[in-house]
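Colleague: Sharing a structure with you now.
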Amino acid sequence: MANSRVSGFYRLSVEERLNLIAKESNLSEEERKLLVGLTPFPIKTSNSMIENNIGLMPIPVGIATNFKINGKDRFIPMATEEASVVAAASNMARTAYKLGGFFTSQSGSIMRGQIQVVDIPDPYAAMARLYEKKTELLELCNAKDPTLVSLGGGAIDIEMYVLKTTNQSMLIMHLLVDTKDAMGANAVNTMAEAVAPLVESITSGRVVLRIISNLADRRLVRARAVFSTDELGGPEVVKDIINAYEFADFDPYRAATHNKGIMNGISAVVLATGNDTRAVEAGAHAYAAGTGRYRSLTRWEINKDGNLVGTIELPMAVGIIGGATKSHPTARVALKILDINTAEELAGCIAAIGLAQNLGALRALASEGIQKGHMALHARNLAMMAGANEKDIDRIVEQAIREKDVRYDRILELTKQLQAGVPNGN
Ligand code: MEV
């Protein structure tokens, strides 16, 4: 089993990092080339993924280190354009590692398909009639996906309610489908469409929408980890982390940013593995508002030993088969690096990243502030924009950080001085 605790990973060159990951994950030469863009992502593939395709948009992939999840070390690929995200997750995972790492669980892999029925004269009686025909309705759905059924999944139940809107009462039927290792949108939507005519004939109503719900509350993932108070900077810092968490849990303006930070990590892994970032994001935010107030997706407490313990719970509709998880060559490599066998394991890794990411942000915000950590990468970016030579970039970054002056005009000045041969860029 790989050891995810790689001290100084960030100090290695891109090639050295890739060598290490390729060795640990047993990547082929082809997979390595794919990751660094030497084997181009085939336009034929992208053209079969979307319409009117004209090109590609590369996003950096980084590896979050130090993750131990349910006793197993993992390297977690993250696709993100944002600086500090991979570093923050790795740093907090390192702190968690010493106290056992992350522990995760999942409530199941059941997705909901919604069928909206309008124009029913007797919606409650119609609901009763539908329940009487449950077996027939489920059989019709399952006939649409024998493969899923053969894997132990398929439509397993129905749930219903009468929705009273301003103008009418409509019947909403939920088709509960166990989608196992698939995200499941295709399976659920196909079943919802297939069953609609029978629903109409039983209810004497008219079916309008037949579509999956992204509020996947029967597919909740949870992660938990303990972080040493001493390592986080002491009891005062931890007290302020709790203050920051309570601020988010009670104030939607803060909760939006707090949860955005969580999604920085979550969406990066969802994207790297070819899953649907919008589905996961929609589910997360709808779940955060589940009590009627938009709240924090994480909870932070101080345990009996005085250490900080964090938990996260949110819907996680991700798969490892089907869609871009299979058709996107880089997503396949990302799944290989993750070394997972089930969608549930993937969901657990994603929840762990979300928890670590949140703590990284809260710890920085409750102590030195968020900008300090951003500065080195920001300076590097500016130096590249200023046209600095590869060999000068480190010196320019060091100088700008020393001067605490990470502005484009100063970096441009330093770049020009070095190019003109002025020693030390002064
Ligand atoms: C920035 O992308 C994310 C943070 O704003 C999250 C937070 O405020 O908790 C730093």
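Colleague: Report the net charge of residues surrounding V6, where surrounding means a beta-carbon distance below 14 angstrom and charges are Lys +1, Arg +1, Asp -1, Glu -1. List each step's numbers first, then the result.
Modeller: On the way: positive: R5, R11, R17, K23, K68, R74, R94; negative: E16, E24, D73.
Taking every other residue near V6 into account, the sum is +4.
Colleague: Please compute one quarter of the surface area of the Cα convex hull for the range 110-213 and express it in square nanometres. Kindly include the intermediate steps, with their values, before the conclusion.
Modeller: Numbers: hull surface 23.3 nm².
Averaged projected area of the range 110-213's Cα convex hull equals 5.8 nm².
Colleague: Then there is this: Once neighbouring chains are kept in place and the probe is 1.4 Å, which whole percent of the accessible area of the chain is contributed by carbon and sulfur?
Modeller: Working: 11020 of 20690 Å².
In the chain, the share of accessible area belonging to carbon and sulfur is 53 percent.
Colleague: Restricting to Cα pairs below 8 Å that are 6+ residues apart, what does the relative contact order work out to for the range 66-222? Please round to a whole percent. List each step's numbers first, then the result.
Modeller: Details: 269 pairs, mean separation 51.7, N = 157.
After rounding, I find 33 percent.
Colleague: Here's something else I'd like to know. Roughly how many nanometres apart are two label points built 7 Å out from the Cα toward the Cβ at R206 and E82?
Modeller: Simple spin-label model gives 4.4 nm for this pair.
Colleague: Ordering V269, V86 by accessible area with a probe of 1.4 Å, largest first, what comes out?
Modeller: V86, V269
Colleague: Something else now. Name the residues whose placed amide hydrogens come within less than 5 Å of the amide hydrogen of N70, ignoring near sequence neighbours (fewer than 5 apart) on the same chain.
Modeller: F102, F103, T104
Colleague: Right, another one. Using the membrane-span-like helix rule (whole DSSP H runs, Cα extent along the own axis of at least 24 Å, mean Kyte-Doolittle hydropathy at least -0.5), which helices of the chain qualify?
Modeller: Details: long enough: 185-203 (25 Å, 0.74); 252-272 (29 Å, 0.31); 343-366 (34 Å, 1.05).
Helices meeting the span and hydropathy rule in the chain are 185-203, 252-272, 343-366.
Colleague: Leaving out ligands and nucleic acids, and using a 1.4 Å probe, what accessible area per residue does the chain come to in Å²?
Modeller: On the way: 20690 Å² over 426 residues.
On a per-residue basis, 49 Å².
Colleague: Could you give the length gained on full extension between L12 and E236, defined as 0.36 nm per residue of separation minus the Cα-Cα distance, in nm? All intermediate terms of the calculation are to be shown ahead of the outcome.
Modeller: Details: separation 224, 0.36 × 224 = 80.64 nm, distance 3.39 nm.
Full-extension gain reported as 77.2 nm.
Colleague: Taking the Cα centroid of the range 165-238 and of the range 70-107, what is the distance between the two, rounded to the nearest whole Å?
Modeller: The range 165-238 and the range 70-107 have Cα centres spaced 26 Å from each other.
Colleague: Can you tell me the alpha carbon radius of gyration of the chain divided by the globular rule-of-thumb value 2.2 N^0.38 Å? If you can, show how the numbers build up before the last one.
Modeller: Details: Rg = 24.8 Å, N = 426, 2.2 N^0.38 = 22.0 Å.
After normalising by residue count via 2.2 N^0.38 Å, the value is 1.13.
Colleague: For the range 268-372, which GluC sites (Glu not before Pro) are both in a DSSP coil and crowded by at most 15 other Cβ atoms within 10 Å? Could the numbers behind the result be given before it?
Modeller: Working: sites: E281, E301, E313, E344, E345, E368; in loops: E368.
Taking the range 268-372 and a limit of 15 other Cβ atoms within 10 Å, the loop GluC sites (Glu not before Pro) found are E368.
Colleague: In a Debye calculation with equal point scatterers on the alpha-carbon sites of the range 39-139 and no solvent, what is log10 I(q)/I(0) at q = 0.10, 0.18, 0.25 Å⁻¹?
Modeller: Log10 I(q)/I(0), no solvent term: -0.68, -0.94, -1.24.
Colleague: Calculate the spin-label point distance for T291 paired with V149, positioning each point 7 Å from the Cα along the beta-carbon direction, and give it in nanometres.
Modeller: Placing both labels 7 Å beyond Cα along the Cβ direction yields 4.2 nm.
Colleague: Now for a different question. Along the Cα→Cβ direction, 7 angstrom out, place labels at N389 and I156. What is the inter-label distance in nm?
Modeller: Inter-label distance under the simple model: 6.4 nm.
Colleague: Okay, next question. Treating cross-link reach as a plain straight distance, find the lysines whose alpha-carbon is under 19 Å from the alpha-carbon of K144, omitting any fewer than eight places away in the same chain.
Modeller: K133, K134, K180
Colleague: What does the charge dipole of the range 243-317 about its Cα centre add up to, to the nearest 20 debye, if the Cβ of each Lys and Arg holds +1 and the Cβ of each Asp and Glu holds -1?
Modeller: Working: 7 positive and 8 negative charges, 25 e Å.
With only Lys, Arg, Asp and Glu charged at Cβ, the dipole is about 120 debye.
Colleague: On the principal axes of its Cα set, how long, how wide and how thick is the range 372-425? Give whole Å, largest value first.
Modeller: Rounded to whole Å, the extents work out to 30, 19, 18 Å.
Colleague: Using helices alone, I'd like the mean residue ellipticity at 222 nm for the chain: each DSSP H run of four-plus residues gives -39500 (n - 2.57), total over residue count, nearest 500. Could you put the intermediate results ahead of the total?
Modeller: Values: 18 runs with 210 residues, N = 426.
Per the formula, -15000 deg cm²/dmol.
The values are calculated or read from the model by the stated rules, or taken from the named source; none is laboratory data. Every value quoted in this text rests on a predicted model; they were computed, and no experiment measured them. Here the Cβ is made from the backbone with ideal geometry for all residues, glycine too, and neighbour counts use every protein chain on show. SASA here: full protein model, heavy atoms, side chains in, ligands and nucleic acids out. Shrake-Rupley method; radii C 1.70, N 1.55, O 1.52, S 1.80 Å.
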